[in-house]
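Note sheet for the following structure.
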Amino acid sequence: METNAQWIDVETSDGKFGAYLSLPRGGKGPGIVLIQEIFGVNQHIRNVADQYAADGYVVLAPDMFWRHGARIELGYDDAGWKRAVELMNATDFATAQQDIAATIKVLRGLDAVGSAKVAALGFCFGGRLSYHTAANGLVDTAVAYYGGGIQNALDRAPEIKVPVLMHFGAADSHIPMDAVKSIAERFEDNEQVEIHVYDGAEHGFNCNHRSSYNQRAAAEAHGNTLVFLSEQL
């Protein structure tokens, strides 16, 4: 895949951090702030950024763990999981949301985005943050892949004023179907919230670097996401 990608800096009151920017072939398009899993802006997340850039979007993926080390990149072995969980537990969510807000400000300021709309798209840890980003009113729409913990933040449901798409795996060992059911019930009267559940799909089903990768679920979710984004952005 031919890409036009680079790391750029995002300034905050605490310092600056890196974000992976991938541009579409045409150079311009709607924006996506891509929020990582707990494994950093690793090869998989960069691949996802490039994939959505190929689909016509300007994608910016912030390094959410920069306070613990620049561009931490983890794999999916036992050591990677252990370190990833440590980093997630050490992350202050209020500060993380400030970093996302700073990233969105940079994204909206790019000539490549201009007056176009911006979406949040996150996976797992990033899926939960994408939900909060929507609740904070920072984006025009949001997509959350297997957002663990959303079921514990349903008090924010009234703050969701933009279209939101959520993807869950029916066989997710980290997010029980009871949790998905509680989310669906909370949003059943909100026509802007769309929820898809994929049969046989485990947690992380979109990541082809993981044993839980489910090609069909990944393809269906990507297609559903592209249709959704095309309608909202």
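Give the residue that is least open to solvent (accessible area, probe 1.4 Å), with candidates limited to residues of region 174-200 that are assigned to a helix (DSSP H, G or I) and more than 22 Å from Gly223 (Cβ to Cβ). Here the answer is Ala179.
Cβ-Cβ contacts under 9 Å between residues 6 or more apart (or on different chains), taken from a first residue in region 207-233 that is β-branched (Val, Ile, Thr) to a second residue that is in a helix (DSSP H, G or I), are listed as Thr225/Tyr52. Regarding region 51-63, can at least one residue be identified that is part of a helix (DSSP H, G or I), modelled with pLDDT of 95 or more, closer than 17 Å to Ser130 by Cβ and of a type outside the set (S, T, N, Q)? The answer is yes; a qualifying residue exists. Is it fair to say Ala5 is among the small types (Gly, Ala, Ser) and open to solvent by less than 50 Å² (accessible area, probe 1.4 Å)? So Ala5 fits the description; yes. Only one of the numbered conditions (1) among the charged types (D, E, K, R); (2) surrounded by fewer than 22 Cβ atoms within 10 Å (Cβ to Cβ); (3) at pLDDT 95 or above; (4) assigned to a loop (DSSP other than H, G, I, E, B) is not met by Glu37, and that is (2).
Tell me whether region 128-145 contains one or more residues that are open to solvent by 50 Å² or more (accessible area, probe 1.4 Å) and either over 18 Å from the mean Cα position of the chain (by Cα) or hydroxyl-bearing (Ser, Thr, Tyr) (or both). Within region 128-145, none of the residues are open to solvent by 50 Å² or more (accessible area, probe 1.4 Å) and either over 18 Å from the mean Cα position of the chain (by Cα) or hydroxyl-bearing (Ser, Thr, Tyr) (or both). State which residue is nearest to Ala19 (Cα to Cα) when the search covers only region 69-87 and only residues that are surrounded by 14 or more Cβ atoms within 10 Å (Cβ to Cβ) and among the aliphatic types (A, V, I, L, M). Checking each candidate, the answer is Ile72. Only one residue in Ala94, Ala170, Ala157 is at pLDDT below 95, more than 16 Å from the chain's Cα centre (by Cα) and not charged (D, E, K, R), so which one is that? After applying the criteria, what remains is Ala94. Name the residue that is farthest from Thr103 (Cα to Cα), counting only residues in region 16-27 that are modelled with pLDDT of 95 or more and not aromatic (Phe, Trp, Tyr). Checking each candidate, the answer is Pro24.
The values are calculated or read from the model by the stated rules, or taken from the named source; none is laboratory data. Nothing here was measured: the structure is a model prediction, and the numbers come from that model. Positions of Cβ are generated from backbone atoms using ideal geometry, with glycine treated the same way; all protein chains shown enter the neighbour counts. Quick note on the areas: whole protein, heavy atoms, side chains included, nothing else; ligands and nucleic acids left out. Shrake-Rupley method; radii C 1.70, N 1.55, O 1.52, S 1.80 Å.
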